[in-house]
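Read the structure below first, then the notes.
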Amino acid sequence: MIMTKPLVPYLFDPNLVAEALKRRPRLARVLKEDPHKAGSAARASDALRRNDRQIYRLLRTERMADVLDAIEASIVGGFIPAVGLRSRAYDHFDSALSEVYVAADLLRRGFSITGLAETLQTDPDIVIKRDDISAIIEVTRPQQWSETGHFERGLSDLLGNVDIPFNFASNTTVDLAEQFIDGHLQYMHPAETNRAFQKAMPWLTQVQAWLEGLPTITAGLTQSHIFDNRRIVITLEPVEIPLEDALYRPGTGGGSATGWSPQHLIERVVRRADSKAKRQQAGSATGGPLRILLVDMSSSAVATEVGHDYYDQVFLEAMEKGLTHRVGPTAPYDAIALALPNLKGIHACYIIEDAGDRATHVHEILVQR
């Protein structure tokens, strides 16, 4: 069971969402819905509604104002990932955000977005131009461990949006139930943990039923589950802010749900990049625009190792071994970059390219000054 959209819709104040969209008219035009009518009424409070579109995860809180502004800027600049922005699916929406971060950064740096090239057999994400530089950029955000990611996201969304009439704080921990089994030390290998979380998905519906059956929240209220020697514990605490005043459900976590195996994770990122590259989505080389594949590593736990001398070398060696055949005049791309795009820029961490005399153009596009 892989959950691709929220187990429960996002709770939101339609007045706050309407104000957020009023300040971002282009985004409002893309969404094409009135927040006072969108979704369904919440049972928890007459002041709230529910909607399972991913964009409401951002619209419902001012803490996401900068991200919403980046979306608005990309739409104004000509990049409109309408399908992704209206999506209910985690992966589709996350991919759209990756594209938005890249587009917004390129627009800030003077590139124009000229749309999609009609002559290509498959549509790339972004077509850009500035002076004598032109490029087709395909942005992809592979899910590192999809079952683990969907479980963590599903639980977080459930705790923050379950339709019950009170606020609460939550803390979630994941660890090993037994440190030793048959005399052997156990550890949380990410692939094994990923398989374990797939089995644990149905438990989320039990957590939902438990939450919806609570008459109130008392200090230290817990729910726990063990699956394949992984133990997850949810602890709830009351908060003083009533739901009638504001939706306030802070959550914290301790321990890693993914386990740790940097070398394995790096190789997995490169394999995912290779799988995407072989689709040749940016078209064939005809002496036209540069063809660039940008791989967003944000979903990978190994992103924390970027900038460490040892792992930087591991990344580069893995790319040279696994992606060299995907760049060049007769290959799908002129350049492939592993990046961590965010509100501040593209942040291309590692680049492998074979663009000939246009190598400087690749770096003009990908490397921030």
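The values are calculated or read from the model by the stated rules, or taken from the named source; none is laboratory data. Remember, it's a predicted structure, so these values are computed and weren't measured experimentally. For neighbour counting, all protein chains shown are included, and Cβ atoms are generated from backbone atoms with ideal geometry for every residue, glycine included.
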Residue that is nearest to ILE226 (Cα to Cα) [pool: residues in segment 167-196 that are in contact with a strand residue (DSSP E or B) (Cβ under 8 Å, 6 or more places away or on another chain) and of a type in the set (A, V, I, L, M, F, W, C)]: ALA177
Which of the residues that make up segment 147-159 are out of contact with any Ser or Thr (no Cβ under 8 Å at 6 or more places or on another chain) and either of a type in the set (Asp, Glu) or surrounded by 19 or more Cβ atoms within 10 Å (Cβ to Cβ) (or both)? GLU147, PHE151, GLU152, GLY154, ASP157, LEU158
Hits in segment 165-188 (condition: surrounded by 13 or more Cβ atoms within 10 Å (Cβ to Cβ) and either without any contact (Cβ under 8 Å) to a residue 24 or more places away in the chain or in a strand (DSSP E or B) (or both)): PHE168, ALA169, SER170, ASN171, THR172, THR173, VAL174, ASP175, LEU176
Evaluate the following for SER112: is it in contact (Cβ under 8 Å) with a residue 24 or more places away in the chain, over 14 Å from GLU138 (Cβ atoms) and in contact with a Phe, Trp or Tyr (Cβ under 8 Å, 6 or more places away or on another chain)? no
Give me the pairs: first residue in segment 196-224 and farther than 19 Å from ILE164 by Cβ and in the same structural domain as ALA177 (by TED's automatic domain parsing), second residue among the acidic types (Asp, Glu) and part of a loop (DSSP other than H, G, I, E, B), beta-carbon distance under 8 Å, and six or more apart or on different chains, which are they? ALA196/ASP228; LYS199/ASP228
